[in-house]
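Right, one structure below, let's go through it.
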Amino acid sequence: DVDRVIETSDPNQIPFVVGELWELLLANDYGERARAMAREIATARPHVVGLQEGSVFRTQSPADFQLNATDVAIDFIPTLLTELAALGEPYELVVQVQDTDVELPRLNSDFTLTDVRLTDYDAILVRSDVRVTDVSGDNYDAFVQGPGGLQILRGWTSVDVELGGESFRILNTHLEPVETAGGVIQAQQADELVALLAGESRPTVVLGDLNTESGTGSIFQQLVGEGFLDAWDLREGPPATGFTCCHAKDLSSDAESLHKRIDHVLLRNFDSMWPPSGPIPVRAEIVGDQPSDKTTSGLWPSDHAGMVVRTVLPNLGN
């Protein structure tokens with residue numbers, strides 16, 4: 001919960017807050033949760049997986065209050081890839097972009113200080129049998145200026161893949177929350193996102209934690225106005241909320257804690273690939289939202305539920 005650090009007005013309290021958050025991080029047992037997320041991915045077998053907040057935690061003792069810790073304590077993405085390989089579902093990390101990189105001191109139980117460095121990534125995994133033709137990624141020009149000169153960066157990653165002889169553009173992103181700076185930074189990042197995809201004529205997917213609510217969010221409405229279709233609203237099947245956010249930070253809440261949909265899969269330029277009549281062949285489901293999805297020790301795989309989207313393209317035979 002990095003917001004707790006950002007909102008700490010007294011710098012002398014930061015080592016105490018970082019120490020508390022470190023204990024929560026350890027209690028949240030990423031290794032166990034990575035196995036649960038790998039099972040979700042292995043069950044669905046998507047061609048492409050978009051990841052946000054693919055964090056790396058590094059430490060240094062004694063603390064020297066510099067951005068230079070190198071001892072890796074927890075590394076989210078390689079751990080997930082290892083768990084996928086163990087399930088016989090090899091995926092490859094094809095592109096990632098580094099976002100925020102920050103290092104702060106942690107107070108230990110013996111009253112010494114250890115520096116903790118958090119580096120955040122957005123990334124795309126691709127199934128090993130999928131042909132990748134191009135990758136790209138970058139940070140948005142718009143970002144939040146945090147305390148002490150901290151730059152809270154957000155980014156995007158993009159991959160071009162070929163399936164059945166057809167080329168697809170898939171862009172994964174994590175936008176700033178609308179609550180920050182009155183939504184100004186989020187709106188600027190969304191404008192950059194729209195400009196990135198201007199003129200893209202291929203079938204295009206935008207996915208990720210867009211931090212904008214379905215239906216009512218101004219950025220959601222902007223992207224719909226740009227011709228993107230909400231995969232969840234297109235889905236076949238009975239009505240459902242599709243809520244993805246958010247489990248409590250200690251990851252032990254009940255399923256009812258999910259109360260909004262801010263994680264999206266949006267589709268554009270698929271019209272010519274779908275049948276000319278009848279329902280649009282899109283299927284979508286939420287994963288990581290049922291008690292049966294919890295780990296053996298009772299943790300949710302992530303504070304956000306995941307979304308799996310499939311579209312059947314008859315012209316490609318898949």
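The values are calculated or read from the model by the stated rules, or taken from the named source; none is laboratory data. Since the model is a prediction, treat every value here as computed from it, not as a measurement. Methodologically, a virtual Cβ is constructed for each residue, glycine included, from the backbone with ideal geometry; neighbour enumeration extends over all protein chains shown. Accessible surface areas use protein heavy atoms only, side chains included; no ligands, DNA or RNA. Shrake-Rupley method; radii C 1.70, N 1.55, O 1.52, S 1.80 Å.
Of all residues in region 234-259, how many are part of a loop (DSSP other than H, G, I, E, B), at negative phi and out of contact with any Ser or Thr (no Cβ under 8 Å at 6 or more places or on another chain)?
Filtering region 234-259 down to residues part of a loop (DSSP other than H, G, I, E, B) leaves 235-244, 246-254, 258-259.
Next, only the ones that are at negative phi stay: 235-236, 238-241, 243-244, 246-250, 252-254, 258-259.
Within this subset, residues satisfying the condition of being out of contact with any Ser or Thr (no Cβ under 8 Å at 6 or more places or on another chain) are 235-236, 238-241, 243-244, 249-250, 252-254, 259.
So the count comes out to 14.
Looking only at region 281-295, count how many residues are polar (S, T, N, Q) and at pLDDT 95 or above. First the steps, then the outcome.
Let us first name the residues in region 281-295 that are polar (S, T, N, Q), namely 290, 292, 295.
When the remaining residues are screened for being at pLDDT 95 or above, the result is 295.
Number of matching residues: 1.
State the number of residues belonging to region 107-137 that are free of Cβ contacts under 8 Å to residues at least 24 places away in the same chain, under 20 Å from Leu80 (Cα atoms) and of a type in the set (Ser, Thr, Tyr).
Step one: filter region 107-137 for residues free of Cβ contacts under 8 Å to residues at least 24 places away in the same chain, giving 109-111, 129.
Pick out the ones that are also under 20 Å from Leu80 (Cα atoms) and you get 129.
Okay, now just the ones that are also of a type in the set (Ser, Thr, Tyr), so none.
Total satisfying the criteria: 0.
Matching residues to (1) in contact with a Gly (Cβ under 8 Å, 6 or more places away or on another chain); (2) crowded, with 18+ Cβ neighbours inside 10 Å; (3) on the phi > 0 side of the Ramachandran plot; (4) outside any loop (DSSP other than H, G, I, E, B):
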{"residue": "Val184", "(1), (2), (3), (4)": "no, no, no, yes"}
{"residue": "Arg202", "(1), (2), (3), (4)": "no, no, no, no"}
{"residue": "Trp232", "(1), (2), (3), (4)": "yes, yes, no, yes"}
{"residue": "Leu299", "(1), (2), (3), (4)": "no, yes, no, no"}
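Among the residues of region 12-64, which ones are in a helix (DSSP H, G or I) and either farther than 19 Å from Thr295 by Cα or touching a His at 6+ places or on another chain (Cβ under 7 Å) (or both)?
Residues of region 12-64 in a helix (DSSP H, G or I): 12-27, 30-44.
Of everything in region 12-64, those that are in a helix (DSSP H, G or I) and either farther than 19 Å from Thr295 by Cα or touching a His at 6+ places or on another chain (Cβ under 7 Å) (or both) turn out to be Asn12, Gln13, Ile14, Pro15, Phe16, Val17, Val18, Gly19, Glu20, Leu21, Trp22.
Hey, which of the strands (runs of 3 or more DSSP E) in region 91-179, taking only ones fully inside, have at least 2 residues that are surrounded by fewer than 22 Cβ atoms within 10 Å (Cβ to Cβ), under 16 Å from the mean Cα position of the chain (by Cα) and modelled with pLDDT of 95 or more?
Of the strands (runs of 3 or more DSSP E) lying wholly inside region 91-179, those with at least 2 residues that are surrounded by fewer than 22 Cβ atoms within 10 Å (Cβ to Cβ), under 16 Å from the mean Cα position of the chain (by Cα) and modelled with pLDDT of 95 or more span 91-107, 113-127, 131-139.
Considering region 257-310 alone, what residues qualify as being in contact (Cβ under 8 Å) with a residue 12 or more places away in the chain, more than 28 Å from Gly217 (Cα to Cα) and of a type in the set (Gly, Ala, Ser)? Outline the logic, then answer.
Initially, region 257-310 is screened for residues in contact (Cβ under 8 Å) with a residue 12 or more places away in the chain, giving 258-270, 273-275, 279-291, 293-310.
Keeping just the survivors that are more than 28 Å from Gly217 (Cα to Cα) gives 273, 275, 291, 293-299.
Those that are in contact (Cβ under 8 Å) with a residue 12 or more places away in the chain, more than 28 Å from Gly217 (Cα to Cα) and of a type in the set (Gly, Ala, Ser): Ser297, Gly298.
Would you check if Ser218 is open to solvent by 20 Å² or more (accessible area, probe 1.4 Å), at pLDDT below 95 and out of contact with any strand residue (DSSP E or B) (no Cβ under 8 Å at 6 or more places or on another chain)? Can you show your working first?
On the way: open to solvent by 20 Å² or more (accessible area, probe 1.4 Å): yes; at pLDDT below 95: no; out of contact with any strand residue (DSSP E or B) (no Cβ under 8 Å at 6 or more places or on another chain): yes.
No; evaluated as a whole, the condition is false for this residue.
Which condition from (1) touching a residue at least 24 places away in the same chain (Cβ under 8 Å); (2) among the charged types (D, E, K, R); (3) surrounded by fewer than 19 Cβ atoms within 10 Å (Cβ to Cβ) is the one that Glu20 breaks?
Condition (1) is where Glu20 drops out.
What pairs can you find where one residue is in region 186-199 and farther than 18 Å from Asp99 by Cβ, the other is assigned to a loop (DSSP other than H, G, I, E, B), and their Cβ atoms are less than 7 Å apart, with a gap of 6+ or different chains?
Within 7 Å, the pairs are Val194/Glu226.
When only residues in region 208-225 that are within 19 Å of His174 (Cβ to Cβ) and part of a loop (DSSP other than H, G, I, E, B) count, which is nearest to the chain's Cα centre (by Cα)?
Step by step, filter region 208-225, then rank; the result is Leu210.
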